[in-house]
Amino acid sequence: MHIIDREADSAGHWREWDAAGQRCVVRAKAGSHVRFDKRDCTLSSVAAGLAFGRAREVDCKGRRCVQWVSSAEVEVTRPASPKRKDDQGRRVAPIPGKPLKVRLVVSRILDAGGNAVAEWYLLTNLEKSVAAGRIVLWYYFRWQIESLFKLLKTAGHQMESWGQETGLALFKRLLIATQSCVLAWRLMRETGEYAQRNSSSGCPGGRR
């Protein structure tokens, strides 16, 4: 099974995966069009008419939030729109294909005041026996991993500017960087004396 971000929100890819018998969860764009209730609709308009149920408490963007979930059966009917060009340098024309039945799973993450923190539109061809709440949890885990990548690359550790010359040197520094992230996240979640002592000192064990 593949869990893929919205850059793969593509009718062409969906038809390839279907032909290969692959199971996927893809984050789609809110404005992507599907067939629902015999009408052509955007995913956001489908979600607007769904009833949501509480799934779980989660941490999102530094806040304690609640994840709500809903789902509906839809069809991907739009033609594939390849980005490649033909021999004359012209964009390849859209390619029609058979409608594909998939499940739309919507995750809404709300803070304590009921304000939207994040909303994900997920399309999947997983069996109905896989609960929608489980699917959004999987994507939530993927989102956490992506947040770590962002922290390492551009939002803290600036990994792409390290300049290590060997794979082993890069691996060692990654171990140190990720361990510091784990420790910081552990402190964020702690509420007892350990967290207060180490947060005030700025380092493990109260030593600078």
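What pairs can you find where one residue is in the stretch 66-85 and outside the structural domain of residue 34 (by TED's automatic domain parsing), the other is assigned to a strand (DSSP E or B) and surrounded by fewer than 17 Cβ atoms within 10 Å (Cβ to Cβ), and their Cβ atoms are less than 9 Å apart, with a gap of 6+ or different chains?
That search, which allows pairs on different chains as well, returns nothing.
Looking at this structure, is residue 142 without any contact (Cβ under 8 Å) to a residue 60 or more places away in the chain, surrounded by 14 or more Cβ atoms within 10 Å (Cβ to Cβ) and at negative phi?
no
For the stretch 40-54, does any single residue satisfy the condition of being touching a His at 6+ places or on another chain (Cβ under 7 Å) and of a type outside the set (A, V, I, L, M, F, W, C)?
Within the stretch 40-54 (the criterion being touching a His at 6+ places or on another chain (Cβ under 7 Å) and of a type outside the set (A, V, I, L, M, F, W, C)), the answer is yes, since at least one residue qualifies.
Can you tell me which residue is surrounded by the most Cβ atoms within 10 Å (Cβ to Cβ) among those in the stretch 69-89 that are of a type in the set (Gly, Ala, Ser) and part of a strand (DSSP E or B)?
71
Yes or no: the stretch 115-137 includes at least one residue that is at pLDDT below 85 and among the hydrophobic types (A, V, I, L, M, F, W, C).
No - not one qualifying residue is present in the stretch 115-137.
Report, by residue number, each residue of the stretch 91-126 that is part of a loop (DSSP other than H, G, I, E, B), within 23 Å of residue 34 (Cβ to Cβ) and either touching a residue at least 12 places away in the same chain (Cβ under 8 Å) or not assigned by TED's automatic domain parsing to the domain that holds residue 65 (or both).
Within the stretch 91-126, 94, 96, 97, 98, 99, 125, 126 meet the criteria.
Please indicate, with yes or no, whether at least one residue in the stretch 5-21 is surrounded by 14 or more Cβ atoms within 10 Å (Cβ to Cβ), in contact with a Lys or Arg (Cβ under 8 Å, 6 or more places away or on another chain), assigned to a loop (DSSP other than H, G, I, E, B) and modelled with pLDDT of 95 or more.
Looking through the stretch 5-21, none of the residues is surrounded by 14 or more Cβ atoms within 10 Å (Cβ to Cβ), in contact with a Lys or Arg (Cβ under 8 Å, 6 or more places away or on another chain), assigned to a loop (DSSP other than H, G, I, E, B) and modelled with pLDDT of 95 or more.
The values are calculated or read from the model by the stated rules, or taken from the named source; none is laboratory data. Predicted, not measured: the structure shown is a model, and the values here were computed from it. Note: ideal-geometry Cβ built from the backbone for every residue, glycine included; neighbour counts use all protein chains shown.
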